[in-house]
Amino acid sequence: LTAELAGVPILVVRDADGTLRAFLNVCRHRAAPLLTEPCGHATKLRCRYHGWTYDLAGKLRGTPEFDGVAEFRREDHGLIEISVAQWGPLVAVCRQRTEQSLEGHLAPLPQRLADDFEKLLFAERREYELRCNWKVFVDNYLDGGYHVNTVHPGLAGLLDYSQYRTETFAQTSLQSSPLQGNDGTARPGRLAQYWYVFPNLMINVYDGVADVNVVYPMGPERCRVVFDFYFASTGIVGEKEFQQKSIATAHEIQLEDAGICEEVHRGLASGAFDTGRFSVKRENAGYHFHQLLARSLREAV
């Protein structure tokens with residue numbers, strides 16, 4: 001599969017023995033991409049520009065018409081490998097080598113969602129481009145349900161807002177609320193969970209449904225949000241209709257979020273706004289995000 005990480009092209013492969021590997025998706029000859037499709041199957045990686053080929057371990061195997069090049073050794077021109085790990089259906093890559101495991105970075109999400117999330121199957125992807133800074137989108141996600149009653153009237157009827165809770169951890173936070181029945185009472189054992197993983201990953205888990213959101217900066221004034229939808233396979237009649245209805249509901253909520261985020265961005269860009277305060281009751285996850293962001297920026301300087 002292929003992706004971009006802050007504008008850097010990435011490819012991820014699994015070889016015959018099941019080993020997962022990730023590389024920069026550029027040929028070592030003239031920087032052309034090796035793979036252009038989002039996902040698929042391959043036994044080798046062949047550059048469509050000049051035909052250089054690599055095996056799934058990233059080793060350079062074929063260099064047409066390259067005889068006689070002084071001091072050229074294939075073993076010095078393999079693909080550039082980067083860190084990769086998997087949890088459930090999620091694959092994570094990191095350009096820097098890190099001693100922290102993926103489970104450590106996600107903690108305590110893997111332990112909390114092990115039974116719920118790993119049984120879900122991918123169904124559909126949707127993408128949205130918003131005219132706002134990516135941090136505005138994250139702020140909106142992390143406001144502890146503060147905007148649900150005013151921006152999402154349809155969603156508000158499904159959540160028990162009086163029991164909405166927020167927890168923060170090292171690199172993650174969790175917002176949760178019991179799900180309500182049609183009579184307005186909470187359903188025992190049914191919980192909406194909204195997980196955030198610094199800096200740009202969000203996982204929403206309901207009863208047998210999950211959507212994974214990744215927000216990608218596209219400059220200071222735009223961002224792209226990718227939604228991947230997952231469902232538990234029930235085999236019951238109407239399963240497909242339920243999935244499509246769930247995705248349609250999520251789409252409606254996303255359009256509502258996009259509208260308010262773009263309005264907030266215009267307000268921020270206008271020069272009419274300086275600083276704002278956080279609600280102690282609702283916005284501790286947003287405050288936590290800005291602490292993590294400030295620390296990350298300090299460490300990068």
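Read the figures in this text as sums done on the coordinates, not as results from a lab. This structure is a prediction, so every number in the text was calculated from the model and none was measured. Neighbour counts are summed over all protein chains in view; Cβ atoms, including those assigned to glycine, are modelled from backbone coordinates with ideal geometry.
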Estimated distance in nm for a label pair at L20 and Q163, the labels positioned 7 Å out from Cα along Cα-to-Cβ: 3.4 nm
Of the candidates V13, V280, V91, which one comes out as most mobile in a Gaussian network treatment of the chain with C-alpha springs shorter than 10 Å? V280
Mind checking the full-extension length gain between Y287 and T249? Use 0.36 nm per residue of separation minus the Cα-Cα distance, one decimal, nm. 10.8 nm
Relative contact order of region 2-99, please, whole-number percent, based on alpha carbon pairs below 8 angstrom and at least 6 residues apart. 22 percent
Compare G267, G286, G208 in a GNM of the chain, Cα atoms joined below 10 Å, and give the one with the largest fluctuation. G267
Taking GluC sites (Glu not before Pro) that fall in a DSSP loop and have at most 10 other Cβ atoms within 10 Å as cut points, what is the longest piece of the chain between them? 100-301
Can you tell me the Rg and the Dmax, both Å, for the Cα atoms in region 209-289? 17.3, 54
What number, in percent, do you get for the relative contact order of the chain if the mean sequence gap of Cα pairs under 8 Å and at least 6 apart is divided by its residue count? 14 percent
Arrange the following residues from fewest to most other Cβ atoms within 10 Å of their Cβ: F23, F273, F229, F278. F273, F278, F229, F23
Could you point to the label whose value was computed as log10 I(q)/I(0) by the Debye sum over Cα atoms at q = 0.09, 0.11, 0.13 Å⁻¹ for the structure here, given (i) -0.54, -0.78, -1.03; (ii) -0.58, -0.75, -0.92; (iii) -0.47, -0.71, -1.00? (i)
Computed from the mean reciprocal separation of all distinct C-alpha pairs, what Kirkwood hydrodynamic radius does region 1-95 have, in Å? 13.9 Å
With a 10 Å cut-off between alpha carbons and a GNM built on the chain, which of D55, D228, D143 moves the most? D55
